[in-house]
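A short reminder: the numbers here are calculations on the coordinates, not readings from a lab. Fair warning: this is a prediction, and the values are worked out from it, not measured in the lab. Cβ sites come from the backbone with ideal geometry, for glycine too, and all protein chains shown count toward neighbours.
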């Protein structure tokens, strides 16, 4: 079958894509990728991400301040974010990548939480979904999401937690991002979890150029490899490949409106 995909998480403003965007999009299209969401991670990248969405028809934009940027964070960056949200460019479809990270050195976690809450409040105010980063912080993130209920919810990207943690996010109305991690046979916990979740709660992503798929370790990840993520998902699910592709595509449309 010729399946069609949306890469719901791609850092398309980073190398190796910068300067070769048209060629990268052509390769992605050959693999069935019809759209991708370029995800911003710092205020300094907002203009570039939006410019990509304006220049290339398949590209949509998300803007957010990543928890790993906590050391450089200043309140003025939230003002910059809200300025774009007020303008609401047509292809701005989400706030992200935002979230919590307890894996990094000196996480300044209270500051991370304040950054997250401020951006969740903007998502609530402007009725946009969120793209969420979570490392070693699933339970804490779920607590923040319950406390600040959003009208459009969002996705926990690159999920590699437990079944119970995934179910808690889904119960709160959130989607689970399926990425390159589950293409590795040794990722038994993640694969077993994704096999048991409702198909109506899953999205596909690459996190390019990060999160390489099995067989491409040490290389920058690319949007066209989302087909490999889909193939791995098909291996562990009972539904047909066609149903998986169609349902996940419909999930993407429901969350992001694209």
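Simple spin-label estimate for residue 106 and residue 2 gives 5.3 nm between the two label positions (7 Å along the Cα-to-Cβ direction from each Cα). Paramagnetic label reach from residue 189 (point 7 Å along Cα→Cβ; backbone nitrogen cut-off under 12 Å): within the stretch 150-166, residues 160-166. Under 15 Å from the 7 Å Cα→Cβ point of residue 247, by amide nitrogen: which residues of the stretch 156-188? Those under the cut-off are 175-178. Dividing the alpha-carbon radius of gyration of the stretch 5-256 by the rule-of-thumb value 2.2 N^0.38 Å gives 0.93. All Cα-Cα distances of the stretch 1-134, cut into 5 Å bins from zero to the largest, leave 2, 10, 21, 21, 18, 13, 9, 4, 1, 0 percent in each bin in turn.
With a Förster radius of 25 Å applied to the C-beta separation of residue 30 and residue 258, the computed FRET efficiency comes to 0.80. Computed over the chain, relative contact order equals 20 percent, with contacts defined as Cα pairs under 8 Å that lie 6+ residues apart. A protection proxy built from the mean count of other Cβ atoms within 10 Å ranks the segments 52-60, 89-97, most packed first, as 89-97, 52-60. Protection proxy ranking, highest mean first, for peptides 175-181, 140-146: 175-181, 140-146, where packing is the per-residue count of other beta-carbon atoms within 10 Å, averaged.
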